[in-house]
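The structure appears right after this line, and notes come after that.
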Amino acid sequence: MMNKKVCLRYWISFLLLALLLVILVLWNVNSGSVSLSPREIVKILLYREGEDTALHIIWDIRLPRILSAIILGGALSVSGFLLQTFFGNPIAGPFVLGISSGAKLVVSLVMIFLLGRGILVGSGTMILAAFLGAMISMGFVLAVSHRVKRMSMLVVCGVMIGYICSAVTDFLITFADDSNIVNLHNWSLGSFSGLNWEHVSLMAAVVFITLFIVFFMSKPIGAYQLGEGYARNMGVNIKLFRLALILLSSVLSACVTAFAGPISFVGIAVPHLVKSLLKTAKPILVIPACFLGGGVFCLFCDFIARTVFAPTELSISSVTAVLGAPVVIYMMVRRQGKGM
Amino acid sequence: MKEFYIYTQNMTVGYGKQPLIEKIEIRLRRGEILTLIGPNGAGKSTILKSITRQLSLLGGTVYLDGRSLEEMSGREMARRLAVVMTERIRPELMTCQDVVASGRYPYTGRLGILGEEDWKKVHEAMELVYAGDLACRDFSQISDGQRQRILLARAICQEPEAIVLDEPTSFLDIRHKLELLTILKQMVREKRLAVVMSLHELDLAQKISDQVVCVHGNVIEKYGAPEEIFSDSYIEKLYGMTRGSYNAAFGCLEMEPAQGSPRVFVIGGGGWGIPVYRRLQREGIPFAAGVLHENDVDYPVAKALASRVITQRPFEPVGEEAYLQAAQVLKSCEKALCPIPVFGSMNERNHKLKELALRQGILLDNPGKNTYNER
């Protein structure tokens with residue numbers, strides 16, 4: 001009994017996102033400081049045949065980077081969507097609420113501490129550290145949200161938390177041992193570079209398991225969109241549900257921060273764009289679409305980051321900010337106009 | 001207790017650990033409407049939230065369908081009890097149909113996808129509240145009246161046996177208030193629903209409810225059929241009214257009368273007096289009204305607004321005694337008004353009063369004009 005036109009819209013939206021993703025993947029594979037002909041690339045991708053350097057560039061540098069951008073971008077968008085559901089406000093996101101920055105701070109601390117003692121930091125440790133940081137920031141945000149009724153104040157607090165964390169991180173990096181600074185510095189600005197297959201498989205495992213759980217929560221998330229009262233009446237265990245939202249969104253944004261550093265505004269801009277595209281907020285559609293959309297968005301941003309001023313690379317966060325912040329500003333202005 | 005669909009035993013409600021209202025005992029059968037009335041902040045919403053498990057009880061038990069609410073799973077409760085809450089919701093990008101469809105939650109599978117049967121129920125519910133044409137409209141862009149109807153449809157779509165509504169008529173204009181309550185009453189009759197709700201409109205509460213609960217000052221002050229509850233003096237006490245009065249028979253409010261000895265005498269009756277009384281009250285002029293039969297429509301209004309009312313027992317012609325009293329008062333007034341155009345056998349003496357006023361030279365002939373304040 002669902003409207004046919006509406007159904008068609010969903011199909012087209014998903015196809016469009018998938019198509020964009022495929023195009024961007026090909027485009028990204030094909031672009032970089034070393035230029036390769038399409039024929040060579042096809043050969044390398046399908047048959048793993050070709051020149052050693054080319055093989056290495058495609059398989060060990062470009063592909064992991066592309067996959068990371070998709071997985072992490074998707075994770076970030078879904079994390080944003082969960083936070084927006086939690087706070088009942090479309091301007092909530094892991095970056096504005098200071099959660100990414102909190103994760104960044106703890107990761108830097110752990111890295112500096114361990115590297116200083118000559119211990120290599122594994123990806124798992126990074127994720128754990130980032131998760132811890134995300135939870136600490138989230139704790140602050142929640143404490144504040146109990147005291148302030150207005151969402152705008154909460155966002156201001158989140159931004160402040162973000163600034164404090166970033167400042168402390170910068171401070172730490174400035175005084176860290178030289179050998180690690182370059183690496184740490186790049187990471188702390190946000191970048192998809194330097195990720196290998198091991199990283200990709202770990203992030204894929206964490207993100208996909210989390211997304212699987214999130215997807216199966218789309219029913220209570222849908223009920224929660226009508227407000228806590230109605231959700232409770234529907235039989236949703238509100239305490240458990242809210243806890244799950246916090247944990248899942250923190251895991252996702254922590255995973256992103258651990259691998260690529262803080263990435264701004266994707267968590268707000270993408271869910272908004274996706275919802276406008278689908279013309280619905282139904283979680284069962286928005287969650288997968290957010291993942292796809294986040295992948296598309298980050299892949300595109302990463303493409304810009306590494307090609308516009310090549311060989312110099314921009315930090316991914318500057319690019320996402322330039323593209324994402326206007327969307328966020330537009331949303332705020334529109335909401336203000338509606339008197340909310 | 002089996003006959004009752006919702007009942008409470010020794011229920012104590014409140015926020016946090018502070019009990020607000022204690023020992024609440026309500027009993028409700030299916031097909032009945034129970035209405036909570038009482039001043040703002042008395043705890044009506046607190047009671048409703050406790051019955052719907054939005055707030056945990058501080059004591060006692062709520063039984064739904066013969067079982068303690070606390071032992072029920074979320075889904076079991078959702079299939080029996082639906083709510084319409086007072087907080088305004090503004091979900092993002094949801095059509096009215098989506099909002100109504102959310103009522104199917106306790107019947108759908110793990111992913112919450114609605115089947116053919118579910119959509120049929122959604123459309124049925126929307127038709128029941130006469131909102132079929134709103135299906136594809138954005139929920140945040142419809143009027144308050146439509147919104148309440150959609151939320152009612154959502155509750156109906158949940159196929160409950162009881163619905164709890166918290167001030168469903170707030171924000172609605174009179175047409176939509178009546179419309180909503182009429183639909184609700186119809187549902188109650190057709191689907192044998194048990195309804196618990198809070199209302200601010202006493203007149204409507206009186207007309208629609210089978211039982212009324214008066215919440216006042218941390219207790220249930222009165223509980224019974226509307227006939228037992230609605231007396232002028234009790235309602236004034238319940239709301240702590242100090243200015244003006246409440247008329248239970250008409251369910252209307254009257255402002256407080258002007259103070260002082262009467263300056264204008266109004267010869268009224270048959271409804272002709274009411275607009276004149278109201279006008280004098282508005283202009284702050286104390287007046288006397290007479291001679292009115294105690295069953296005249298003018299009488300309750302005159303009683304609320306006049307500083308003096310001279311009356312006659314029902315079904316008797318106006319007698320000599322009442323006439324003399326009225327004449328005495330009239331003579332002491334500065335002006336007299338006679339809005340009634342006709343006299344009959346029952347109020348012959350009022351005609352005499354009019355002539356007396358004329359002889360005294362104080363009768364104003366056109367009560368429609370703003371001439372009372374002339375000195």
field: segment A:280-291: number of residues that are more than 8 Å from chain B (Cβ to nearest Cβ), surrounded by fewer than 23 Cβ atoms within 10 Å (Cβ to Cβ) and in contact with a Leu (Cβ under 7 Å, 6 or more places away or on another chain)
entry: 1
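Per-residue answers, yes or no, for (1) in a loop (DSSP other than H, G, I, E, B); (2) crowded, with 24+ Cβ neighbours inside 10 Å; (3) of a type in the set (Phe, Trp, Tyr):
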residue: A:GLY102; (1), (2), (3): no, yes, no
residue: A:SER108; (1), (2), (3): no, yes, no
residue: A:LEU115; (1), (2), (3): no, no, no
residue: A:LEU120; (1), (2), (3): yes, no, no
residue: A:ALA129; (1), (2), (3): no, yes, no
task: Identify all residues within segment A:38-77 that are free of Cβ contacts under 8 Å to residues at least 12 places away in the same chain, in contact with a helix residue (DSSP H, G or I) (Cβ under 6 Å, 6 or more places away or on another chain) and not aliphatic (A, V, I, L, M); write none if there are none.
output: A:GLU49, A:GLY50
message: Quick check on segment A:258-269. Is at least one of its residues surrounded by fewer than 23 Cβ atoms within 10 Å (Cβ to Cβ), part of a helix (DSSP H, G or I) and of a type outside the set (A, V, I, L, M)?
response: no
message: Quick check on A:VAL251: is it at pLDDT 90 or above, open to solvent by less than 30 Å² (accessible area, probe 1.4 Å) and at negative phi?
response: no
- prompt: From the set of residues in segment A:248-279 that are within 14 Å of chain B (Cβ to nearest Cβ) and of a type outside the set (A, V, I, L, M, F, W, C), which is farthest from A:VAL200 (Cα to Cα)?
  reply: A:LYS279
task: Kindly indicate which of B:LEU330, B:LEU324 is in contact with a Leu (Cβ under 7 Å, 6 or more places away or on another chain) and either open to solvent by 10 Å² or more (accessible area, probe 1.4 Å) or over 23 Å from B:TYR246 (Cβ atoms) (or both).
output: B:LEU330
Any hit, segment B:104-121, residues being within 23 Å of the chain's Cα centre (by Cα), of a type outside the set (Gly, Ala, Ser) and in the same structural domain as B:GLU190 (by TED's automatic domain parsing): no
message: Just to be sure before I move on: is B:LEU69 of a type outside the set (Val, Ile, Thr), crowded, with 22+ Cβ neighbours inside 10 Å and under 22 Å from B:VAL188 (Cβ atoms) in the structure I sent?
response: no
- prompt: Do we have B:LEU363 as open to solvent by 30 Å² or more (accessible area, probe 1.4 Å) and free of Cβ contacts under 8 Å to residues at least 12 places away in the same chain here?
  reply: no
- request: Return the residue satisfying two criteria in turn: it lies in segment A:154-194 and is part of a helix (DSSP H, G or I) and of a type in the set (D, E, K, R), and of such residues it is modelled with the lowest pLDDT.
  value: A:ASP178
- prompt: In segment B:225-238, what residues are open to solvent by 60 Å² or more (accessible area, probe 1.4 Å) and either farther than 21 Å from B:ILE33 by Cα or in contact with a helix residue (DSSP H, G or I) (Cβ under 8 Å, 6 or more places away or on another chain) (or both)?
  reply: B:ASP232, B:SER233, B:LYS237
task: Check segment B:252-259 and report whether any residue there is more than 30 Å from B:LEU58 (Cα to Cα) and without any contact (Cβ under 8 Å) to a residue 24 or more places away in the chain.
output: yes
Matching residues, segment B:197-220, being open to solvent by 10 Å² or more (accessible area, probe 1.4 Å), within 13 Å of B:ILE47 (Cβ to Cβ) and either touching a helix residue (DSSP H, G or I) at 6+ places or on another chain (Cβ under 7 Å) or of a type outside the set (A, V, I, L, M) (or both): B:HIS216, B:ASN218
- request: Looking only at segment A:195-211, decide whether some residue is of a type in the set (Ser, Thr, Tyr) and either within 11 Å of another protein chain (Cβ to nearest Cβ) or not in a helix (DSSP H, G or I) (or both).
  value: no
task: Collect the residues in segment B:168-204 that are touching a Lys or Arg at 6+ places or on another chain (Cβ under 6 Å) and hydroxyl-bearing (Ser, Thr, Tyr), keeping them in residue-number order.
output: B:THR169, B:SER198
- request: Identify, from the list A:TRP11, A:TRP27, the residue that is more than 24 Å from the chain's Cα centre (by Cα) and assigned to a helix (DSSP H, G or I).
  value: A:TRP11
- prompt: Taking segment B:304-357 as the region of interest, how many residues are among the hydroxyl-bearing types (Ser, Thr, Tyr) and within 18 Å of B:GLY271 (Cα to Cα)?
  reply: 2
- prompt: For A:VAL319, are the conditions met, namely being within 13 Å of A:SER191 (Cβ to Cβ), free of Cβ contacts under 8 Å to residues at least 24 places away in the same chain and open to solvent by less than 40 Å² (accessible area, probe 1.4 Å)?
  reply: yes
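In the list A:ARG48, A:ARG39, which residue meets the criterion of being in contact with a Leu (Cβ under 8 Å, 6 or more places away or on another chain) and open to solvent by 70 Å² or more (accessible area, probe 1.4 Å)?
A:ARG48
Among the helices (runs of 4 or more DSSP H) confined wholly to segment B:54-152, which include 2 or more residues that are over 27 Å from B:ILE6 (Cα atoms), within 8 Å of chain A (Cβ to nearest Cβ) and without any contact (Cβ under 8 Å) to a residue 24 or more places away in the chain? First the steps, then the outcome.
Values: elements: B:74-78, B:96-101, B:116-128.
It comes to B:116-128.
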- prompt: Which one of these is within 30 Å of B:ALA205 (Cα to Cα) and at pLDDT 90 or above: B:TYR299, B:TYR323?
  reply: B:TYR299
- request: Could you tell me which numbered condition B:ARG80 fails, if it satisfies all but one of (1) under 25 Å from the mean Cα position of the chain (by Cα); (2) closer than 25 Å to B:VAL212 by Cβ?
  value: (1)
task: Only residues that are touching a residue at least 60 places away in the same chain (Cβ under 8 Å) and surrounded by fewer than 21 Cβ atoms within 10 Å (Cβ to Cβ): list them for segment B:35-44, please.
output: B:PRO39
query: Just checking, how many residues over segment A:7-17 are in contact (Cβ under 8 Å) with a residue 24 or more places away in the chain and either open to solvent by less than 40 Å² (accessible area, probe 1.4 Å) or within 14 Å of chain B (Cβ to nearest Cβ) (or both)?
result: 4
- prompt: Which one of these does A:ARG306 not meet: (1) in contact with a Lys or Arg (Cβ under 9 Å, 6 or more places away or on another chain); (2) within 14 Å of chain B (Cβ to nearest Cβ)?
  reply: (2)
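The values are calculated or read from the model by the stated rules, or taken from the named source; none is laboratory data. These numbers come from a predicted model, not from an experiment. Glycine gets a Cβ as well: all are built from the backbone with ideal geometry, and neighbour counts include every protein chain shown. Please note that ligands, DNA and RNA were not included when accessible areas were found on the heavy atoms of the full protein model with its side chains. Shrake-Rupley method; radii C 1.70, N 1.55, O 1.52, S 1.80 Å.
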